[in-house]
Amino acid sequence: MHLTKEQLLAFLGEAKKHSECHWLLFALCYLHGLRISEALDLTAANIRDGFITVKRLKGSLKTTQALIEHEHELLNEKPALERMCSKLKPTDRIFKFGSGKGEWRRTQSWRLMKRYGSLAGIPDHLLHPHILKHTCGMAAIPRGIEYTQRYLGHRSLASTGAYIRKTDEEACAAIQKFL
């Protein structure tokens with residue numbers, strides 16, 4: 001499961017209406033295929049010279065990716081992220097909402113995802129932060145499984161294979177029109 005481009009933009013638009021910080025958190029998760037915990041743990045030191053370096057969790061590989069400058073304002077992370085980081089010490093977390101560690105911050109991000117997603121009219125079953133990583137994976141997979149694997153930091157190609165799986169409905173629609 002993943003968001004459509006229209007759903008993604010509607011969601012990011014609602015987040016940005018309410019908070020640039022919240023928008024940027026969720027945009028980073030999508031644009032770099034981050035888990036919410038990976039994004040919440042980012043410090044200003046992770047952003048350098050137009051790149052983001054992330055030590056991925058769950059045994060995934062460390063990745064270094066260019067920050068994205070995009071013509072669509074909701075996908076144009078670079079200026080906002082660099083501006084935000086310029087005000088921080090290298091060890092400061094970029095996303096500071098909440099004073100708790102770990103679970104509380106993840107719980108807060110779930111609440112925000114539900115809030116902005118609901119305002120954007122997205123079905124409830126799609127409103128969890130990990131859907132942004134899946135949406136990135138689905139957007140990346142047509143470019144090649146090996147590129148998607150590296151971009152998402154997967155050690156195993158089997159992890160990336162989740163993005164090429166099809167439902168019975170999709171398989172029937174694709175095959176039956178040629179029978």
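The values are calculated or read from the model by the stated rules, or taken from the named source; none is laboratory data. All values derive from a computational prediction rather than experimental measurement. Because the Cβ atoms are built from the backbone with ideal geometry, glycine has one as well, and the counts that use them run over all protein chains shown.
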Q) Looking at (1) at pLDDT 95 or above; (2) part of a helix (DSSP H, G or I), can you tell me which one GLY121 breaks? A) (2)
Q: Name the residue, out of THR4, THR107, THR64, that is farther than 19 Å from TYR151 by Cα, out of contact with any Asp or Glu (no Cβ under 7 Å at 6 or more places or on another chain), of a type in the set (Val, Ile, Thr) and at pLDDT 95 or above.
A: THR4
Q. If a residue has to be in a loop (DSSP other than H, G, I, E, B), basic (Lys, Arg) and free of Cβ contacts under 8 Å to residues at least 40 places away in the same chain to count, how many in segment 44-68 make the cut?
A. 2
Q. Which members of segment 33-49 meet the condition of being in contact with a helix residue (DSSP H, G or I) (Cβ under 7 Å, 6 or more places away or on another chain) and of a type outside the set (D, E, K, R)?
A. GLY33, LEU34, ILE36, SER37, ALA39, LEU40, ALA44, ILE47
Q: Any chance you could count how many residues in segment 105-123 are surrounded by fewer than 15 Cβ atoms within 10 Å (Cβ to Cβ) and over 19 Å from SER37 (Cβ atoms)?
A: 3
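A quick yes/no check of all residues on (1) closer than 19 Å to LEU152 by Cβ; (2) out of contact with any strand residue (DSSP E or B) (no Cβ under 6 Å at 6 or more places or on another chain); (3) of a type in the set (A, V, I, L, M, F, W, C):
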residue: PHE51; (1), (2), (3): yes, no, yes
residue: MET84; (1), (2), (3): no, yes, yes
residue: ARG93; (1), (2), (3): no, no, no
residue: GLY137; (1), (2), (3): yes, yes, no
Q. What is the number of the single condition among (1) surrounded by 15 or more Cβ atoms within 10 Å (Cβ to Cβ); (2) among the polar types (S, T, N, Q); (3) in a loop (DSSP other than H, G, I, E, B) that SER37 does not meet?
A. (3)
Q. In this structure, is LEU24 closer than 20 Å to ASP124 by Cα and either modelled with pLDDT of 95 or more or not hydrophobic (A, V, I, L, M, F, W, C) (or both)?
A. no
Q: Output yes when any residue across segment 171-178 is over 25 Å from ALA10 (Cα atoms) and in contact with a strand residue (DSSP E or B) (Cβ under 8 Å, 6 or more places away or on another chain), and no when none is.
A: no
Q. Just for segment 124-148: of the residues that are among the hydroxyl-bearing types (Ser, Thr, Tyr) and surrounded by 21 or more Cβ atoms within 10 Å (Cβ to Cβ), which one is modelled with the highest pLDDT?
A. THR135
Q: Output the residues belonging to segment 69-100 that are in contact with a His (Cβ under 9 Å, 6 or more places away or on another chain) and touching a residue at least 24 places away in the same chain (Cβ under 8 Å).
A: GLU77, LYS78, PHE95, PHE97
**Q.** Cβ pairs under 6 Å, 6+ apart, first in segment 147-160 and more than 13 Å from LEU57 (Cα to Cα), second surrounded by fewer than 13 Cβ atoms within 10 Å (Cβ to Cβ)
**A.** GLN149/LEU157
Q: Residues being surrounded by fewer than 19 Cβ atoms within 10 Å (Cβ to Cβ) and not small (Gly, Ala, Ser): count how many of those fall in segment 152-170.
A: 9
